[in-house]
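The values are calculated or read from the model by the stated rules, or taken from the named source; none is laboratory data. Please read these numbers as outputs of a predicted model, since none were measured by experiment. Neighbour counts are summed over all protein chains in view; Cβ atoms, including those assigned to glycine, are modelled from backbone coordinates with ideal geometry. Quick note on the areas: whole protein, heavy atoms, side chains included, nothing else; ligands and nucleic acids left out. Shrake-Rupley method; radii C 1.70, N 1.55, O 1.52, S 1.80 Å.
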Amino acid sequence: MNRQSVKSYIRAAGFGLILFFPATALLQVTQDSTGHIPALRTHITQPSNAITWWQRLGEQHLLDFSENQNKIVVDPIIQVMVGMAQFTSNDQQDLTFWDNIRGARFQAELDGQFHIGGELLERQGVADPLLGIWAVQRRIPGWGRSKLGRNNGWNTIDQAYYDVSRARGWTGWSNGIWSADGGIDALHFGAGRASVLQSKTAAPAPYARFGFEQNKHRSEVSVSQWMSDQRGPLGETAESLLNRSHVITLNHAWAMKRNWLIQGAYQFIREKSASLAQAGWESLGYAVGDEYHAKRHVIAFESQLHFNFRENVNAVAFFQQSADVGADSRRAITSDASHQQMLGLTNLAGFRAEGDGWQMLIEAYQQSEATCTSCFYYEGLSTEISGPRLASLEHAGMMTHGIWNKAFRIQANAQLTPAWSFAVSGEHNDAANWVQFETSYTIHAVWPLKFFCNAGMANGHHDLQLDYRWASFGLNAAVERWK
């Protein structure tokens with residue numbers, strides 16, 4: 001399979017590889033036990049009372065501008081990593097890959113009511129082959145659109161140089177019942193690492209959200225804008241703008257019993273750029289050349305069962321599903337000259353457990369072909385003609401739901417000492433089977449800054465030349481790596 005074929009094969013894949021740790025402040029995201037991201041999510045550590053300056057530096061934020069009722073802190077975000085990939089085939093040379101992320105994040109609490117956070121990052125690197133699958137498409141998981149190449153080279157899966165930046169920030173308010181927040185961030189639906197609706201592992205998008213929570217119920221409405229990686233018609237500017245979509249999401253969660261929570265959501269997506277109707281759509285009410293805006297109506301459902309065992313272990317089992325609804329959902333795929341109705345979008349099931357010093361996640365995820373925009377035929381039309389396109393479920397070129405088209409993942413980590421930890425993760429996805437072992441040592445717990453080293457192996461599918469072993473090490477502060 002050549003590189004262009006690889007691009008075509010992977011193009012429909014979703015994304016998002018980021019470890020899930022409950023109540024983590026990394027990447028300016030905090031989730032509760034149900035996976036919900038609240039409006040208030042700052043984590044500000046009180047100044048250290050240590051005698052010497054170097055002791056204080058090791059126990060508090062890098063910069064602290066707090067006074068009276070206002071708290072403002074700044075921390076560094078870095079990743080300096082280098083690794084070596086050794087291919088199993090004889091005709092491929094060993095690959096040196098590296099990653100360089102630098103930036104800063106800030107957090108603020110003003111008058112004890114308004115919570116603010118944000119980060120600004122720049123990143124360059126040479127991707128390992130699994131990440132190279134995305135880099136050659138000019139997109140990076142969790143970051144979005146990126147630049148590719150270096151001096152007219154470095155643009156293949158096993159030698160992909162990428163250059164990308166990311167800005168995210170938010171401000172939130174809550175009085176315990178009503179809440180409001182907004183900014184540029186990646187929100188999340190559900191208890192899993194991925195999601196059937198919208199995932200925190202997606203590229204950050206501008207949003208505004210309002211919520212109400214009381215007793216056993218929580219309701220929220222949010223508006224957002226997604227950006228395509230495709231450009232629209234050339235207008236008055238020298239370069240055409242990227243297509244955009246307006247998104248409205250309604251969500252309601254109900255804690256039916258002490259250990260059982262269900263939630264549902266409705267999402268409406270409308271692309272801002274107009275499309276043109278084709279011949280043969282008269283039965284659907286379109287004339288040739290009519291302008292229409294691609295839309296999509298999506299519903300999502302999740303059931304969570306929370307329970308404890310062996311006294312100190314908290315666990316949750318969850319199941320999610322999303323589907324198209326409305327007139328635009330009457331699509332069918334042609335197979336052996338017959339039509340089969342296709343309604344489902346994404347399914348996800350998983351189990352997460354956490355005990356004293358350890359965490360584990362098992363998750364199975366699958367997207368159906370129904371996530372596409374125009375690859376289906378419509379009932380009542382000739383099998384040679386597809387109907388009006390649906391709005392895309394992508395932002396910045398990445399699927400908003402999560403990982404790949406399908407994946408099964410197991411990951412676990414254990415805190416061996418207050419500083420040392422060990423983790424193992426493995427996944428079967430569209431591109432490969434892979435497993436990784438990693439150990440890390442916490443140098444600074446507040447930023448947090450860690451030294452890490454890992455090793456693993458990957459075996460590619462569908463003739464992808466991804467059979468290789470790797471090892472890497474480096475420093476990491478407040479950035480979760482993509483595997």
ask   = So which aspartates and glutamates pass the test for Lys71, namely a Cα distance under 16 Å, with those fewer than 8 places away in the same chain ruled out?
value = Glu109, Asp111
note = SASA check, His43, accessible area w/ 1.4 Å probe, all protein chains in place, rounded to nearest 10 Å², comes out at 80
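Summarise the accessible area of the chain (1.4 Å probe, protein heavy atoms) by the percent that is carbon and sulfur.
55
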query = Among (1) 180; (2) 142; (3) 285, which one is volume of the Cα convex hull per residue in Å³ computed from these coordinates?
reply = (1)
message = Give me the count of lysine pairs in region 136-295 whose alpha carbons sit under 23 angstrom apart, restricted to pairs 8 or more positions apart or on different chains.
response = 4
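State in Å² the accessible area per residue of region 80-183; use a 1.4 Å probe, count heavy atoms of protein chains only, and round to the nearest integer. Please list the in-between numbers first.
Numbers: 4600 Å² over 104 residues.
Ligands and nucleic acids excluded, the result is 44 Å² per residue.
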inquiry  = Please flag any cysteine in the chain that has no other cysteine's Cβ under 4.7 angstrom from its own Cβ.
reply    = Cys453
key: Pairwise centroid distance, computed over Cα atoms, of region 58-85 with region 164-230, Å   = 24
